[in-house]
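Report on the structure given below.
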Amino acid sequence: FLARCCWNMAASGNGTTPSLDVRLTRSQSGNILDIDFIGGLSEVAGSSAPAAAAAAPATTTAIATVAPSCSSTAVVISGRKLRILEHRVHKVEMRTRENGESEEELVVSNLRPFTLKVGVHDSADVPIVDCSLPLRATLLYENGSAVKQTSLSEPLLVGETDVVALQGAATFKLRITSLSSHRDKQRFRIQVAPQEESLTRTEPLLSVVTDPMKSVTKLGRAMPPPPLPSPGGDAAAEGVKRRCRETLDAHAQSIAQLQETHVQIAAELEAVASLAQRAVRAKAEPTSVAAPV
């Protein structure tokens, strides 16, 4: 941006009034980058020292009057941004995408409110606790387009939709009245942005949207979450396998000892049976009596 200013400069001694053209080069933020003096330089150089001293305040005055007259429409660059700190829904389900992959799906009921908490952070992602920022929550489709009101009975999004972020955080308690089944099975998002639209245009990072949510009436039964693998699961599994092998080996040794004992008992029983048979045969044989002489 160029700003030009001309004025007459009184030179003492000869009474001449040379014309001095000043060209200022400014940035979009309004800072002065360069100053060029065009015309009348030879006359100013030939003038006396008092004339130069008198010209200095005039130059300073000219620069001060030109600076406010230059306006800029550049976007203000700020490090402030919004971040979702907490998003509590009523249920989490597993759904299959079109490519066959499975993903988690957030589910809310249109009869119960859910909680959304956002924070105001700086460029280093540090919470800004000394700010007071009015925020507003609006309802969007999953693709980012606005949800149109189809009836006059109840707003699409009810609850605490306008909240002021105090000490760097704001908590919304919201309820989506529309159902995904009534909107071609589309899912919804919540957008949080400043209530002043001009602030959103100058600081675009002060806007955040949630993950998509499906709105239903009945939540049904929640699926139990899959068991989480414990730390060092492989080592624990190997330990269990080792203990099982040791137990099986001990049982095998016990069975082998029982088999040996069984063989010994069988041999002893066989010997006892043989003795018993001999005793029975001995009793059955007739005893011989000697004839008297």
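The values are calculated or read from the model by the stated rules, or taken from the named source; none is laboratory data. Everything quoted here is computed from the prediction, not taken from an experiment. No Cβ is skipped: glycine too gets one built from the backbone with ideal geometry, and neighbour counts run over all protein chains shown. Side chains are part of the model used for accessible areas, which takes the heavy atoms of the whole protein and leaves out ligands, DNA and RNA. Shrake-Rupley method; radii C 1.70, N 1.55, O 1.52, S 1.80 Å.
Those residues that are assigned to a loop (DSSP other than H, G, I, E, B), of a type outside the set (Val, Ile, Thr), open to solvent by less than 80 Å² (accessible area, probe 1.4 Å) and over 16 Å from MET213 (Cα atoms), I need them from the stretch 117-153; list them, please.
ASP122, ALA124, ASP125, CYS131, SER151
Which of the residues belonging to the stretch 169-185 are over 22 Å from the mean Cα position of the chain (by Cα) and open to solvent by 10 Å² or more (accessible area, probe 1.4 Å)?
THR177, SER178, LEU179, SER181, HIS182, ARG183, ASP184, LYS185
Residue check: is LEU219 at pLDDT 85 or above and surrounded by 10 or more Cβ atoms within 10 Å (Cβ to Cβ)?
Criteria not met by LEU219.
Condition test on LEU106, is it at pLDDT 50 or above, under 22 Å from the mean Cα position of the chain (by Cα), open to solvent by less than 60 Å² (accessible area, probe 1.4 Å) and not hydroxyl-bearing (Ser, Thr, Tyr)?
Judged against the criteria, LEU106 is a match.
Table: residues versus (1) assigned to a helix (DSSP H, G or I); (2) at pLDDT below 75; (3) farther than 15 Å from LEU106 by Cα; (4) open to solvent by less than 100 Å² (accessible area, probe 1.4 Å).
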residue	(1), (2), (3), (4)
PRO225	no, yes, no, no
PRO229	no, yes, yes, no
LYS241	yes, no, yes, no
ALA252	yes, no, yes, yes
ALA256	yes, no, yes, yes
GLN264	yes, no, yes, no
